[in-house]
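Colleague: Sharing a structure here in structure tokens format.
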Amino acid sequence: MTIMEKMAEIAGAIDNHYLKEARLAGKRVIGYFCSYIPVELIHAAGFVPYRMRAVGSAGTDLADAYYAPLNCSFVRHCFDRALRGDFGFLDGVVFMNGCDHTRRMYDNWRYSKTGPEFLHMFFAPHVMGGNAAGAFRESMANLKKALEKSFGVTIADDNLRNSIRLYNRMRGLLLALDERRKMKSPPVSGSEMLGIVMAVTAVPVEDACALLEEVIAFIDGRGDSHSGDVRIIMLAGCMEEADHLRLYEDSGGVIVSDAFCFGTRLYGRALDENIDPAVALAAGYLGSEISCPRMMDDFPRRIEWVARKAGEYSADAVVVEKLKFCDMWGWEIERLRRESKKGVIPPVLAIEREYLGGASGQVRTRIQAFFEQIRNRQEIDDAILRSERAAYYVRK
Amino acid sequence: MNVRINLRAKTVFELKEYRIVRYLYYVLIRGYYLALLLLPYGVISLVARYVLHPFIFNKETRFNKYIRSALLWMGGGLHKAADYRAHLPIMRIILDYLRHHVEPIKKRKKPLIYLGWCVSPEFMRAFDVHYIIPEAFSVTGSWLGRDVSNHMLEVLESEGGSIESCSASKFAAGAYFTRQMPDPDLIVTSSHPCDSGVSFYPTLQNVTRVPMYVLDTPYGDDEDSYRYFAGNLKAMISFIEKNTGQKIDWDRLRRSCEELNKTNFYLQELTAMTRAIPSPVSSQQLTVAWAMKLMGSGSPHLTEMARIMYENAKKRLDRGQGWLREERIRVIWWDVPIAFVSLYPWIEKEFGAMIVGGDLMGRCNTPYVDTSSEESMMLSLAKVHLNASMVRNVRGTQELFMDEFEQIIAEYSGDCFIFVGHNGCKHGWGYGRIKKDICKRIGLPALHMSSDYSDSRNTSEESLKKQISDFFIGNGLA
């Protein structure tokens with residue numbers, strides 16, 4: 001089994017042998033839901049932070065009794081797995097007020113008395129500026145207090161500094177991998193990258209760093225991951241389906257950059273290791289490279305990020321994916337389209353889907369049609385470029 | 001952008017710039033205001049009951065569409081003469097509010113601020129500015145009929161806007177794109193109560209390219225949360241001061257807050273009076289009061305309106321009289337009320353059903369503002385904001401919603417529960433099981449319906465009426 005297959009295997013399951021080993025060694029595992037939850041705090045308590053997911057979910061039958069059909073399908077799948085006891089290995093779950101759907105998961109989880117006992121709501125501000133950093137620090141203090149009280153542990157600043165160093169290292173390795181996607185023929189595909197990030201957020205960070213080093217060594221020794229001529233940046237919130245990304249790759253697309261929760265939004269931050277850890281965490285998390293659309297005052301920076309990445313990674317197009325009934329991404333798509341029409345960012349394709357919803361045939365048709373437009377555009381651009389060059393040479 | 005609308009049948013007109021607001025300001029509201037000034041309330045009551053009521057009551061037609069919704073908002077012709085007295089201050093509030101639209105269209109003398117509907121307008125009164133509440137457009141704009149509402153939503157959707165969002169946000173965006181609202185100089189909004197507001201305002205900022213301030217809302221409901229929000233309110237004042245070059249007038253803010261305290265006293269009393277059997281207060285009144293508070297919080301007209309409503313209700317209460325001649329069903333309506341405004345007068349008339357305890361918007365349960373110092377005023381205003389109708393219930397954990405729901409069930413002697421889930425309220429749909437379990441435990445028959453206030457494409461008025469009829473009949477209530 002190659003390291004890439006190993007990563008895909010870890011990513012495709014809820015539990016894995018690294019987690020099992022950690023549990024056998026007496027480590028507690030704490031699930032968390034959002035990219036704004038400071039995992040370093042959980043790690044500094046001596047626990048293994050585990051990014052919540054719903055991969056392999058077979059349906060939403062149980063969760064549908066709590067939610068309505070117009071609630072997010074990821075949330076329903078994830079909660080369904082919880083109701084079925086699939087997260088029985090967790091010692092606690094930290095939720096966040098990410099959106100209306102996820103914050104109700106905190107309520108339903110408590111109400112249904114689905115274990116574990118430790119369920120904590122982490123409040124993250126909806127803005128980056130103003131008093132947000134102070135509020136974020138206060139939320140961290142509340143989480144710290146709750147962890148210490150519930151598990152009888154002490155989270156010392158030195159431990160926190162060490163956790164920051166470790167997670168910086170993991171993020172640094174992921175960024176190093178990401179850098180390689182700038183290459184003309186990227187050695188790692190978008191679907192593989194998703195699997196890598198999903199895997200490293202499901203294992204202890206120490207193992208994650210070792211795995212990532214193996215991955216880098218592996219991909220440096222191989223050529224391009226797959227052939228394709230349309231380089232795309234993908235933006236989405238909850239993206240866990242590597243199969244879905246392969247629809248783009250099989251249609252000739254190369255995902256060169258992404259803003260997924262299991263992607264840049266997670267590793268696109270470097271925390272200052274030389275200042276007060278609480279200050280470093282608040283600044284690092286709120287000032288992530290690319291924010292979530294829930295951050296109300298940060299769209300100008302998000303659009304600047306997409307435009308910059310499009311240049312750096314030579315992207316031809318932007319694909320935005322949203323899950324049905326997601327207001328945040330619904331309005332974000334509207335704004336992205338507007339900016340695309342202005343020429344600030346490359347052409348945008350917006351796809352709406354259900355989590356694990358299938359419909360691959362329809363999606364593939366839309367992707368193929370979009371890619372065809374992009375290719376036609378490339379041909380026209382090349383022709384213009386050629387004629388301009390010709391004119392230039394004539395004038396010279 | 002001039003948009004041609006086919007408003008049913010063969011009627012076609014151009015929805016020119018600012019047409020909606022001009023119609024409302026110069027024709028509809030002024031016309032009603034003049035009628036209130038010139039005619040005795042007894043005559044108005046008779047005209048409303050016997051001339052307008054049959055004309056507007058059953059359904060929207062090509063003949064009544066430009067006045068039906070507005071008249072239904074004003075009571076649907078079911079008010080008694082004494083209660084029409086409250087309409088004069090109501091019309092003054094609306095006219096004052098619409099002036100903020102009309103004056104900047106003519107000539108921009110003061111800065112114009114777009115104000116998120118969860119930000120109380122008292123602060124705007126302490127500055128020399130105009131303010132428009134974009135979401136309020138979905139209330140006033142829909143007074144031109146269902147087709148205009150649907151058209152606004154279609155404009156937004158054709159621009160690529162989020163189809164699943166709250167129609168209040170969608171309507172506002174549609175109104176902006178069709179140039180029904182003048183461009184702002186600033187935007188001030190908040191991050192509550194739901195995802196629609198959170199995601200819609202960045203779009204407004206993106207298209208208007210003006211500075212925006214977001215009042216970040218805490219999730220919790222404790223002193224720390226209030227202090228955090230008070231700090232954000234202070235930052236908001238600094239933002240407005242910096243961007244308008246004005247200084248806040250603390251005396252004007254204090255006067256507005258004192259006025260708001262008086263208003264809230266009356267409205268809280270009215271809410272509490274619905275405990276009585278029969279209830280002397282109609283929820284129509286409380287919902288209208290909420291809408292007026294949205295537009296004119298801190299206005300003396302608002303206090304006057306609430307006082308008249310209160311005094312009339314108190315008289316009925318003292319006499320043991322109800323709002324209806326015969327109250328047959330007491331309904332708990334603990335969600336967004338404004339599914340279709342015609343529903344309230346309809347269930348009152350058809351079934352003798354009264355909504356008790358107020359609905360999610362109309363229920364007034366607001367803390368008082370301590371105006372003794374600037375500091376106390378800010379902290380109290382933080383509490384007022386975070387405890388405003390709907391905001392207090394949906395911004396945090398389910399307990400903020402359910403505890404009050406159980407309290408209403410315990411105190412208001414309801415016979416049944418109707419949940420009119422708004423399409424945009426994903427948080428409300430997210431705790432359906434908890435609500436159902438509470439009703440089951442208590443033995444309260446419950447109806448869960450899906451609707452959208454401005455979007456009749458979602459669920460028609462007729463369909464909602466049928467569901468309610470079947471529910472009442474099926475449970476032996478009618």
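Where a number appears in this text, it was derived from the coordinates with a stated rule and is not lab data. These numbers come from a predicted model, not from an experiment. When we count neighbours, we look across all protein chains shown, and the Cβ atoms used for this are built from the backbone with ideal geometry, even at glycine.
Colleague: For Cα pairs less than 8 Å apart in space and 6+ apart in sequence, what is the mean separation divided by the residue count of the stretch B:251-474, i.e. the relative contact order in percent? List each step's numbers first, then the result.
Modeller: Details: 328 pairs, mean separation 46.2, N = 224.
Averaging sequence separation for qualifying contacts and normalising by length gives 21 percent for the stretch B:251-474.
Colleague: When chain A is treated as a GNM, springs tying every alpha-carbon pair under 10 Å, which of A:TYR285, A:TYR313, A:TYR66 comes out with the largest mean-square fluctuation?
Modeller: For chain A, modelled as a Gaussian network with Cα springs under 10 Å, the answer is A:TYR66.
Colleague: Return the distance in nm (one decimal) between the two label points of a simple spin-label model at B:ASN475 and A:VAL344, each offset 7 Å from Cα along Cα→Cβ.
Modeller: Roughly 4.9 nm, to one decimal.
Colleague: What GluC sites (Glu not before Pro) in the stretch B:320-383 are in a loop by DSSP, with at most 10 other Cβ atoms within 10 Å of the Cβ?
Modeller: Sparse-neighbourhood loop GluC sites (Glu not before Pro): B:GLU326.
Colleague: Please report, in cubic angstrom per residue, the volume enclosed by the convex hull of the alpha-carbon atoms of chain A.
Modeller: 153 Å³
Colleague: For the stretch A:72-152, which GluC sites (Glu not before Pro) pass both filters: DSSP loop (anything but H, G, I, E, B) and at most 14 other C-beta atoms within 10 Å?
Modeller: When the GluC sites (Glu not before Pro) of the stretch A:72-152 are filtered for loop state and at most 14 Cβ neighbours within 10 Å, A:GLU117 remain.
Colleague: Among the lysines, which have Cα under 18 Å from the Cα of A:LYS342 when same-chain residues fewer than 8 positions away are ignored?
Modeller: Those lysines meeting the cut-off are A:LYS309.
Colleague: List the aspartates and glutamates whose Cα lies under 20 Å from the Cα of B:LYS262, skipping any in the same chain that are fewer than 8 positions away.
Modeller: B:ASP83, B:ASP96, B:GLU122, B:ASP251, B:GLU304, B:GLU311, B:ASP370, B:GLU374
Colleague: Separate question: What is the calculated FRET efficiency for A:SER185 to A:ALA210, with r their C-beta to C-beta distance and R₀ = 22 Å, to the nearest 0.05?
Modeller: 0.25
Colleague: What does the protein assembly as shown give for Rg and for Dmax, in Å, if only its C-alpha atoms count?
Modeller: Cα-based Rg and Dmax for the protein assembly as shown come out at 28.5, 100 Å.
Colleague: Relative to the longest principal Cα axis of chain A, at what angle does helix A:299-312 sit, 0 to 90 degrees, rounded to 10?
Modeller: On a 0 to 90 degree scale, this one is about 50.
Colleague: Another question, then. Going down the table (B:LYS65/B:LYS315; A:LYS145/B:LYS440; A:LYS341/B:LYS293; B:LYS293/B:LYS426; A:LYS324/B:LYS242; A:LYS113/A:LYS145), which pairs top 30 Å between alpha carbons?
Modeller: Details: B:LYS65/B:LYS315 35 Å; A:LYS145/B:LYS440 37 Å; A:LYS341/B:LYS293 40 Å; B:LYS293/B:LYS426 25 Å; A:LYS324/B:LYS242 40 Å; A:LYS113/A:LYS145 23 Å.
Result: B:LYS65/B:LYS315; A:LYS145/B:LYS440; A:LYS341/B:LYS293; A:LYS324/B:LYS242 exceed 30 Å.
Colleague: Of all trypsin sites (Lys or Arg not before Pro) in the stretch A:148-214, which ones are in loop regions per DSSP and have a Cβ with at most 15 other Cβ atoms within 10 Å?
Modeller: A:LYS184
Colleague: Against the longest alpha carbon principal axis of chain A, how many degrees, from 0 to 90 and to the nearest 10, is the axis of helix A:73-83 turned?
Modeller: 30 degrees
Colleague: Using the 10 angstrom Cβ neighbour count as an exposure proxy, how do B:ASP96, A:ASP107 rank, fewest first? Could you put the intermediate results ahead of the total?
Modeller: Details: B:ASP96 14, A:ASP107 24.
The order, fewest Cβ neighbours first, is B:ASP96, A:ASP107.
Colleague: Can you return the lysines within cross-link range of B:LYS349? Criterion is Cα-Cα under 19 Å, with same-chain partners fewer than 8 residues away left out.
Modeller: B:LYS59, B:LYS80, B:LYS465, B:LYS466
Colleague: Now for a separate question. Under the rule of -39500 (n - 2.57) per DSSP H run of 4 or more residues, summed and divided by the residues of the protein assembly as shown, what mean residue ellipticity at 222 nm is obtained, to the nearest 500 deg cm²/dmol?
Modeller: -16000 deg cm²/dmol
Colleague: What is the distance, in nm, between label points placed 7 Å from the Cα along the Cα-to-Cβ direction at B:ASP183 and at A:ALA25?
Modeller: Output for this residue pair reads 6.1 nm.
Colleague: Next up: Tell me, what is the percent relative contact order of the stretch A:1-115, built from C-alpha pairs under 8 Å that lie six or more residues apart?
Modeller: Relative contact order comes out at 27 percent.
Colleague: Right, here's the next one. Using a 7 Å offset from the Cα along the Cα-to-Cβ direction at both B:SER372 and B:LEU37, what is the distance between the two label points in nm, to one decimal?
Modeller: That separation, rounded to one decimal, is 4.4 nm.
Colleague: How high is the relative contact order of chain A? Use alpha-carbon pairs under 8 Å, at least six apart in sequence, and give a whole percent. Write out the running numbers ahead of the final one.
Modeller: Details: 614 pairs, mean separation 67.8, N = 396.
Over chain A, the number comes to 17 percent.
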